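Take a look at the structure set out below.
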Amino acid sequence: MQKSTIPLLAVLIFSSLANAQQTPETMLINPQATLKVKDSVLRQQVIIWSQAQLNEKNYKKIKAYPSADFFSGKVANGVSLTSKIIHIAHNQISNSLISIVDKLDYAQPWNKTLYSTGLYAVPGEYIEVVISEVLTSKGLEVQIGIHSDNLGGWVAATEDWRRMPLAVKQVALTEKNTRINNAFGGLIYIVTDPKAASWQGDIKISRAIQSPLFEAGKTTLQDWQRQLKNNKAPLGELLTNNVIITLPNNILQKVIEPEKVMRLWNTIIAGEMELAQIPQPTYRPQRLVVDEHIGGGFMHSGYPIMIHHSPSRKLLSADIIADPAKLLVPSNGGANGGFFHEIGHNMQNQDWVFGGTTEVSCNFFSLYMFDR
């Protein structure tokens, strides 16, 4: 008994010492090196440290975080920072639509609208955003990162973390020139309130890298193939007027017919809106975001809709996103029903969703779309 106890004791002591030596700014969190639920003190320290990094306004104080190589993913070698001018035209939600959208509680309808830029911020490298004097009073923000679920709450608080619990940074654009740095890196967005008055203008973003961005009806197949071939960013997006999908590079590389893929996704969103009797086109596209670790469930509704894709946990959804024709293949309650179900939540109007039917009436949309 003593012989078996000594090695076990040694392991426990070593583990305790290892945890004691870990600090939030140097530790690695990834699917192979999770931050355990039992390490409650360290987890709280990580949340406090992460929030401090995301609140820090002095871009010079931000350094790249080691775990950024695992999430959102490693930026490829040989990358060169670039500049890009993005034209954005924001249309204020119409008064006639507000009363409808106001009842779509599960869709988080008043979360601020994200405008994609096709750019990625390298972890620890500041970006520079230049806007006109006119836009400084429009309440705009710049955001780095899209994986907005906080793992410190909901179901994720009871699970071992496979990524950093907080990773999204926002800074208000109240000056003509703004510099922002995110230790975790991420896709870059221009953010505005959907109820804000309409505006449009050119926004220059410098010191970022290009990320794949497919715009249905605009991006050619040749241009898409060139983007994938030259891609150095770990994330990219595909978009239509109904839906925007955020995917890691290894999944994007499988999207060989982007126009066909996005036409089908566009039809799915349009079909669910049709059943919900929501006027089309609506005020903004739905967003689907693939994430290593989300707040709870296999997927969950909202803006954005969050989708688990964690091969280490056998939570797989990438093949269907890259080829939505697979939604037609029965899966015994697998990912295909999950997409229709969560999009259905985003269509539920509180005028007809009464107590106890939340997880029932959203399946009207699943049945309708399988039939379609």
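The values are calculated or read from the model by the stated rules, or taken from the named source; none is laboratory data. Because the structure is predicted, anything quoted here is derived from the model rather than measured. With ideal geometry, Cβ positions are generated from the backbone for all residues, glycine too; neighbour counts draw on all protein chains shown. The protein model used for the area step is the full one, side chains on, heavy atoms only, and it has no ligands, DNA or RNA in it. Shrake-Rupley method; radii C 1.70, N 1.55, O 1.52, S 1.80 Å.
Figures for the structure shown
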{"item": "Rounded Å value of the spacing that divides the Cα centres of the stretch 158-193 and the stretch 209-273", "result": "22"}
{"item": "Candidate residues D39, D202, D223: accessible-area rank, largest first, probe 1.4 Å", "result": "D202, D223, D39"}
{"item": "Tensor-based shape of the stretch 110-189 (alpha-carbon gyration tensor, a/c under 1.5 rounded, otherwise prolate or oblate)", "result": "prolate"}
{"item": "Along the chain, longest interval not containing exposed chymotrypsin sites (Phe, Trp or Tyr not before Pro), exposed being DSSP loop plus at most 11 other Cβ atoms within 10 Å", "result": "1-351"}
{"item": "Prolate/oblate/rounded call for the chain, Cα gyration tensor, a/c under 1.5 rounded", "result": "oblate"}
{"item": "For the chain, accessible area per residue (1.4 Å probe, heavy atoms of protein chains only), Å²", "result": "48"}
{"item": "Test item: Cα-centred dipole of the stretch 41-162, Lys/Arg +1 and Asp/Glu -1 on Cβ, debye", "result": "240"}
{"item": "For the stretch 180-274, size of Cβ-based charge dipole, Lys and Arg +1, Asp and Glu -1, in debye", "result": "420"}
{"item": "D (Stokes-Einstein, µm²/s), Kirkwood Cα radius, the stretch 232-365, 0.890 mPa s at 25 °C", "result": "160"}
{"item": "Top positive-direction residue, dipole computed over the stretch 205-290 with Cβ charges, set P285, Q227, L238", "result": "Q227"}
